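The values are calculated or read from the model by the stated rules, or taken from the named source; none is laboratory data. Everything quoted here is computed from the prediction, not taken from an experiment. Note that we place each Cβ from the backbone using ideal geometry, even for glycine, and neighbour counts take in every protein chain shown.
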Amino acid sequence: MGTVFQAYRFVLDPTPEQEVVLRSNCGAQRFAFNWGLGLVKANLAQREAERSYGIAEELLTPAVSWSAYGLRKLWNQVKDAIAPWWTENSKETYSSGLADLAQGLKNWADSRNGTRKGAKVRFPRGKSKHRARARRFPRALPQGFRWWRSWSRLPPGRGIQSSVGAVTSGISAYIATESPSRSA
């Protein structure tokens, strides 16, 4: 028997200023994911080209780590050069995008090796601004936001309205509870 965690999905109705912050963080998460995916693809292509020239395995370009930690470490080395605006968003936003990429790469590798049950998983694709606008912030919300029980609060005490029925802005957030709800 394992522990089951309960998650909630909220549709937010932010003010125009809050929507700008949320969209910025969603874009930053997408940017980090796409940057990491591009790095992994370039590394795989380089190693494949070197193999086609008959270069021995031990002499190939070193493989890029697919772990969230390894990708985050590489991101931290280059973030000032490739994203000088990175400080405008929470650092956890970028980590979340890279963690999503690491999980996607792991799912693909496990599926390809036959160690993952279920349908075959394809190699991760780049995230598009126009495809899906739902994002999750598992470690931290965008700067200035924090969750308090079932609704969010801003530091000065202004809340973000959330609606259950109608989607007014199209932004949704996934929030996991911190404690297990029941045992399975």
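For first residues located in the range 45-62 and in a helix (DSSP H, G or I), partners that are β-branched (Val, Ile, Thr) and lie 6+ apart or on another chain with Cβ distances below 6 Å form the pairs Gln46/Thr61; Arg47/Thr61. Does Asn89 qualify as being in contact with a strand residue (DSSP E or B) (Cβ under 9 Å, 6 or more places away or on another chain) and buried (at least 18 other Cβ atoms within 10 Å of the Cβ)? The answer is no for Asn89. Evaluating Tyr8 against the criteria (1) part of a helix (DSSP H, G or I); (2) modelled with pLDDT under 90; (3) over 14 Å from the mean Cα position of the chain (by Cα) leaves one unmet condition, (1). Taking the criterion of being surrounded by fewer than 11 Cβ atoms within 10 Å (Cβ to Cβ) and either within 25 Å of Phe123 (Cα to Cα) or of a type in the set (Gly, Ala, Ser) (or both), the only residue of the range 67-81 that qualifies is Ala81.
Is it the case that the range 69-78 has a residue that's more than 22 Å from Trp108 (Cα to Cα), hydroxyl-bearing (Ser, Thr, Tyr) and without any contact (Cβ under 8 Å) to a residue 40 or more places away in the chain? Checking the range 69-78: not a single residue is more than 22 Å from Trp108 (Cα to Cα), hydroxyl-bearing (Ser, Thr, Tyr) and without any contact (Cβ under 8 Å) to a residue 40 or more places away in the chain. Filtering the range 43-66 to residues that are under 20 Å from the mean Cα position of the chain (by Cα) and either crowded, with 17+ Cβ neighbours inside 10 Å or among the hydrophobic types (A, V, I, L, M, F, W, C) (or both) leaves Val64, Trp66.
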